[in-house]
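The values are calculated or read from the model by the stated rules, or taken from the named source; none is laboratory data. Being a predicted model, the structure only gives us computed values, none of them experimental. A quick note on method: Cβ atoms are made from the backbone with ideal geometry, for glycine too, and the neighbour counts reach across all protein chains shown.
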């Protein structure tokens, strides 16, 4: 354990191990603070970005590792100019698409550094990523994260770490080259520097690279409604927004959100994300969870709000642990991904086809799609071993009580559920989590 330098709270250190690169070691870093700025020039349809990140190599001397899925134009380390090749992408053996950037400057463990980069904001170099949405007199930009492809968290847009690391994050956004007013939605504290064209967003220091939501769009294209719900004696503000063509009544979305919030609070424990839920409704068959927020299609609301307890309440310790919350959401909600019914209970022997849910490489960067199907099937078997769906729901409530606000691992889940089942789940984990046939 060590002190979080951003807010002086104790935090966990769950960084993946160093990786040998020739005669050097590529080493994880502790990112302490990231300040990023983006200026969207609508007239020229160009977005210029700068980012400054303060970091400390974690554990040993070596070449610092981070990620950024943009083309770096200029870089500086501690004020000294670097060539873009000095922050090149490197394959460290974590699988397709899971490259990282390795700073080709040896740094001592526990030494503090400032990395500054400049670039034009383009389509992130990551599977399924979307470009900036230029339109007549305006721009639409959504962080549009995903856990199904490597490199689809904050690193799509800014220098970032894997999801084990908490950091102080500030994002400055400016829209120029148009008279059309814009609106910005975020699950951080939004300061309007110039109404309709310039904002600063400061996100909570508890956030990691999978936590922040940001949506930018012309103000005349966004509908916003708010309401309030009482959860456990405290007021929670609900904000729902949508863009044209969604075909969803925001009043219905607010009512459904309030219902799911009450239900999940009663069943799994207290809301752990401050005093607001922000929901942005899209017309696409999509959904993504953030800390106290979601972007989702209307049918995906239950699934995504559930993730406020499992996924962004209890977070994956590393990206390869992301299967946990998708398996839970598929088992416990009316998910379109689920191969088994809600709260399924079924006998699970050791003779079914093996499944790989937790990739073996510690730097792996994605959640296998089998998490929705084979993961839910595994939990249906655990429900039978635990004594029924009610017992497994109680186990999930205990999981949330123990790990809310923290990262948790695949091994910790095995031990936790094994206690509720009264047996060692290692044989099931070996076959249906680690894919050992």
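Applying the selection to the stretch 209-241, what residues are closer than 29 Å to residue 152 by Cα and part of a loop (DSSP other than H, G, I, E, B)?
Those that are closer than 29 Å to residue 152 by Cα and part of a loop (DSSP other than H, G, I, E, B): 209, 210, 211, 212, 213, 222.
Among the listed residues 408, 334, which satisfies the condition of being at pLDDT below 95 and either touching a helix residue (DSSP H, G or I) at 6+ places or on another chain (Cβ under 9 Å) or not assigned by TED's automatic domain parsing to the domain that holds residue 323 (or both)?
Among 408, 334, only 334 is at pLDDT below 95 and either touching a helix residue (DSSP H, G or I) at 6+ places or on another chain (Cβ under 9 Å) or not assigned by TED's automatic domain parsing to the domain that holds residue 323 (or both).
Identify the single condition in (1) modelled with pLDDT of 95 or more; (2) out of contact with any strand residue (DSSP E or B) (no Cβ under 8 Å at 6 or more places or on another chain); (3) part of a helix (DSSP H, G or I) that residue 289 does not satisfy, given that it satisfies every other one.
Condition (3) is where residue 289 drops out.
Of the residues that make up the stretch 428-436, is at least one under 24 Å from residue 334 (Cα atoms) and within 25 Å of the chain's Cα centre (by Cα)?
yes
Would you please name the residue that is nearest to residue 64 (Cα to Cα), looking only at residues in the stretch 168-206 that are touching a residue at least 60 places away in the same chain (Cβ under 8 Å) and crowded, with 23+ Cβ neighbours inside 10 Å?
My answer is 169.
Among the residues that make up the stretch 411-429, is at least one of them under 17 Å from residue 327 (Cβ atoms), touching a strand residue (DSSP E or B) at 6+ places or on another chain (Cβ under 7 Å) and in a helix (DSSP H, G or I)?
Looking through the stretch 411-429, none of the residues is under 17 Å from residue 327 (Cβ atoms), touching a strand residue (DSSP E or B) at 6+ places or on another chain (Cβ under 7 Å) and in a helix (DSSP H, G or I).
Of the residues that make up the stretch 152-167, is at least one surrounded by fewer than 22 Cβ atoms within 10 Å (Cβ to Cβ), at pLDDT 95 or above, assigned by TED's automatic domain parsing to the domain that holds residue 211 and not in a loop (DSSP other than H, G, I, E, B)?
no
Return the pair list, or none, for Cβ contacts closer than 9 Å from residues in the stretch 240-266 that are assigned by TED's automatic domain parsing to the domain that holds residue 298 and in contact (Cβ under 8 Å) with a residue 60 or more places away in the chain to residues that are surrounded by fewer than 19 Cβ atoms within 10 Å (Cβ to Cβ) and part of a loop (DSSP other than H, G, I, E, B), at least 6 apart or on different chains.
These pairs meet every condition: 243/283.
Within the stretch 194-208, take every residue that is touching a strand residue (DSSP E or B) at 6+ places or on another chain (Cβ under 6 Å) and in a strand (DSSP E or B) and give me the one that is farthest from residue 14 (Cα to Cα).
Checked the stretch 194-208; the qualifying residue farthest from residue 14 (Cα to Cα) is 198.
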